[in-house]
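J.: Below are the structure tokens for one structure; questions will follow.
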Amino acid sequence: MWRQPLLFLEVMHMNEVFTDLITEEEYMQFRKEVGWAEFPLEQAREGLKNSFIRCLRIDGKPIALGRVLWDHGYVVYIADIIVKPEYQGKGYGRMVMEDIMKMIKNWLKPGYKVMVSLCSAKGKEAFYEKFGFFKRPNEDTGCGMSQWISSEIKESEAC
């Protein structure tokens, strides 16, 4: 059955704007609100400093975020796509991904190509498939893997 497309998803309103900046406090608030791992602000600051950021704001308030790492060769990693819970399901994640994919394509010189990777949150794989990503493992690739590594805090360093 045909359905009328939602026009508000097609055009950004005057109060919606992409920026390439986010504070470490805003970033960590995003992570907290979606239930992702938290870590010290200093660590967030360093990670953001070494990332390409696309932050969608409404009336100055950050509502959706994309963070990308690039080796300036052939490897790009989409590290974060986060939409605040109250804005999920309204097309803002799609807007961030479209903007990021356009940004990545603009980096390429004629004849160049890059491998873009990401780790999907559980249950969000279909969202990324709409942008040409494929699930792993498959007949050509193994399963992606990851781990968190934490430093031990020595008793003398504890607050």
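J.: I'd like the residue in the range 43-61 that is among the charged types (D, E, K, R) and either touching a residue at least 12 places away in the same chain (Cβ under 8 Å) or within 21 Å of residue 91 (Cα to Cα) (or both) and, out of all such residues, is surrounded by the most Cβ atoms within 10 Å (Cβ to Cβ).
T.: Among them, the one singled out is 54.
J.: A follow-up question, please. So for the range 34-42 (the condition being in a strand (DSSP E or B), within 15 Å of the chain's Cα centre (by Cα), of a type in the set (Val, Ile, Thr) and on the phi < 0 side of the Ramachandran plot), does at least one residue qualify?
T.: No: the range 34-42 contains no residue that is in a strand (DSSP E or B), within 15 Å of the chain's Cα centre (by Cα), of a type in the set (Val, Ile, Thr) and on the phi < 0 side of the Ramachandran plot.
J.: Look through 111, 132, 144 and report the one residue that is of a type in the set (Gly, Ala, Ser) and either surrounded by 10 or more Cβ atoms within 10 Å (Cβ to Cβ) or in contact (Cβ under 8 Å) with a residue 12 or more places away in the chain (or both).
T.: Every option except 144 fails the conditions.
J.: Go through the range 132-159 and give me each residue that's within 17 Å of the chain's Cα centre (by Cα), under 30 Å from residue 43 (Cα atoms) and at pLDDT 85 or above.
T.: Listed by number, the list holds a single entry, 133.
J.: Looking at this structure, is residue 64 part of a strand (DSSP E or B) and buried (at least 18 other Cβ atoms within 10 Å of the Cβ)?
T.: Judged against the criteria, residue 64 is a match.
J.: Next up: Taking the range 87-128 only, how many residues are at pLDDT 95 or above and among the acidic types (Asp, Glu)?
T.: 2
The values are calculated or read from the model by the stated rules, or taken from the named source; none is laboratory data. The model shown is predicted, which means the values in this text are computed figures rather than measured ones. Neighbour counts are summed over all protein chains in view; Cβ atoms, including those assigned to glycine, are modelled from backbone coordinates with ideal geometry.
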